[in-house]
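Working notes, beginning with the structure itself.
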Amino acid sequence: MDRATEEETAATGRRILVAVDEGDESVHALKWCLASFAKRGGGGGAAPPDTIILLYVRPPPPTYSVLDASAMVGYVFSDEVAAAIDGYSKEVAEAVVEKAQKLCTLYGKEVGGDGEAGHEMKVEVKVAVGDARNVICQMVDKLGADVLVMGSHGYGLFKRSLKRSRFQSQKLALLGSVSDYCVRNANCPVLIVKS
């Protein structure tokens, strides 16, 4: 970070992007961030509050190839089924975001005691659609996040054995997760909170 960016962050507070989803791991990461990492405004010339950006990424709608037999069976119901899936996806997104916002509000009141403005925290909400790995990394850039906070299922990089034949040795392939991808590809520091 160059000196101008450091001064700007000191004047406005950090922009902390917290990736949230349906899992307990993201709730744990958000709670940890609110309790241990994010700064609230203290009034009286104290440092400005950080901005918490809650990001939920909805999965993209399913797509079918014209050669896919299941698509032909569902063709008659495609509009109704697609609308139902999309509606459910939006409901899940709203529920996840609402829960995360309540945590932010609750934490602000606990810190301030009476929830006065002197201890407020800025919270923004973003919902996007797509592959979570790519969308999170893109939103880091788009929203100007200073740090990305996310939970981890604890699987990390795990190994899967592949046997080619009885004459070859076992080949190992590494399978990653969303957090592993973001650590490698996000253009800001990434803080992984283990459950």
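Bear in mind these aren't lab numbers, they're just calculated from the coordinates by the rules spelled out. As the structure is a prediction and not an experimental result, all values here were calculated from the model.
Per-residue 3J(HN,Hα) values for segment 180-188, derived from phi via the Karplus relation 6.51 cos²θ - 1.76 cosθ + 1.60 with θ = phi - 60°, read 4, 4, 5, 4, 7, 10, 6, 8, 7 Hz in sequence order (x marks Gly and Pro). The string of couplings for segment 125-141 from the Karplus curve (6.51, -1.76, 1.60, θ = phi - 60°) is 10, 10, 10, 10, 10, x, 6, 3, 4, 5, 5, 4, 5, 5, 5, 4, 5 Hz, one whole number per residue in order, with x for Gly and Pro.
Amide H to amide H, with H built 1.01 Å from N, Gly130 comes under 5 Å of Arg58, counting only residues 5 or more places away or on other chains. Length gained on full extension, Thr12 to Gln138, computed as 0.36 nm times the residue gap minus the Cα-Cα distance: 43.1 nm.
Full extension of the segment from Gln101 to Lys39, taken as 0.36 nm per residue of separation minus the current Cα-Cα distance, would add 20.7 nm.
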